[in-house]
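K.L.:
Have a look at this one.
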Amino acid sequence: MASPFLGLADNCTLKFDVPTGEIVTDEVGNVVDEIRSVQVRTFLKKQSDAKAAMTNRLPGVAEDAWLLEGYCVNPMILPQAIAPQMIAIANFAGVDGQFVLAAPINPPYGRAGIGAIVERSAGTKIVGWFQVSSHGG
């Protein structure tokens, strides 16, 4: 089934770095978790300042961050390896920044029970904070 938001998918791209579960040796000989990048195309909308003020701001999120809410489009179901509070490199409506994924995923139902049914038909619902990248020098 295709996402009902497929035609609107290009307004936000998120790139998460997630562990693969494999252990590798880095360039200096340290044993580290292997990481892979996962790209997720989403349809997100900026929420009102009033809604943002009522939403729990995660530690480290700037006061001027935008609260975004919407659905995953491609892939339509957010991979299980991506968890709340993970940070993605983001491009929202042509603006580069970071996206901090808030909890819960698939609000208000979560990813089990009725949340799983909704997720299969509409895609994974996500909420998070978008911070514009600073280009100071």
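K.L.:
Hey, how many Å between the Cα centroid of segment 72-105 and the Cα centroid of segment 8-39?
P.N.:
14
K.L.:
Ok, one more. Along Cα→Cβ, 7 Å out, is where each label goes; now give me the distance between the ones at Asp33 and Met86 in nm to one decimal.
P.N.:
In this crude label model, Asp33 to Met86 measures out at 1.0 nm.
K.L.:
If every alpha-carbon in segment 44-88 counts as one equal scatterer, what log10 I(q)/I(0) does Debye give at q = 0.24, 0.32 1/Å?
P.N.:
-1.03, -1.23
K.L.:
With a Förster radius of 22 Å, plug the Cβ-Cβ distance of Glu63 and Asp96 into 1/(1 + (r/R0)^6) and report the FRET value to the nearest 0.05.
P.N.:
Once rounded, the FRET efficiency stands at 0.70.
K.L.:
Counting only other residues whose beta carbon sits under 11 Å from that of Leu78, what net charge do I get with K and R as +1, D and E as -1?
P.N.:
Residues close to Leu78 contribute a combined charge of +1.
K.L.:
Is the chain best put as rounded, prolate or oblate by its Cα gyration tensor, with a ≥ b ≥ c the root eigenvalues, rounded for a/c under 1.5, and otherwise prolate when a/b is larger than b/c, oblate when not?
P.N.:
Verdict is oblate for the chain.
K.L.:
Using the basic label-point model (7 angstrom from Cα toward the beta carbon), what is the Ile114 to Thr20 distance in nanometres?
P.N.:
4.0
K.L.:
Sort Tyr71, Tyr109 so the one with the fewest other Cβ atoms within 10 Å of its own Cβ comes first.
P.N.:
By the 10 Å Cβ count, ascending, the order reads Tyr109, Tyr71.
K.L.:
Could you pull out every residue, at least 5 positions away or on a different chain, whose amide H is within less than 5 Å of the one on Ala102? Hs are placed 1.01 Å off N in the peptide plane, and Pro or chain starts have none.
P.N.:
Gln85, Val127, Gly128, Trp129
K.L.:
Counting other Cβ atoms within 10 Å, keep those with at most 16, restrict to DSSP loop, and tell me which GluC sites (Glu not before Pro) in segment 14-100 are left.
P.N.:
Passing sites in segment 14-100 are Glu27, Glu63.
K.L.:
Whole-Hz Karplus ³J(HN,Hα) for segment 88-102, in order, using 6.51 cos²θ - 1.76 cosθ + 1.60 and θ = phi - 60°, x for Gly and Pro?
P.N.:
Per-residue couplings from phi come out as 10, 6, 10, 10, 10, 6, x, 9, 7, x, 10, 10, 9, 6, 8 Hz.
Every number in this text was worked out from the coordinates using simple rules, so none of it is lab data. In this text the structure is predicted, and so the values were computed from the model without any measurement. Cβ atoms come from the backbone with ideal geometry, glycine included; neighbour counts cover every protein chain shown.
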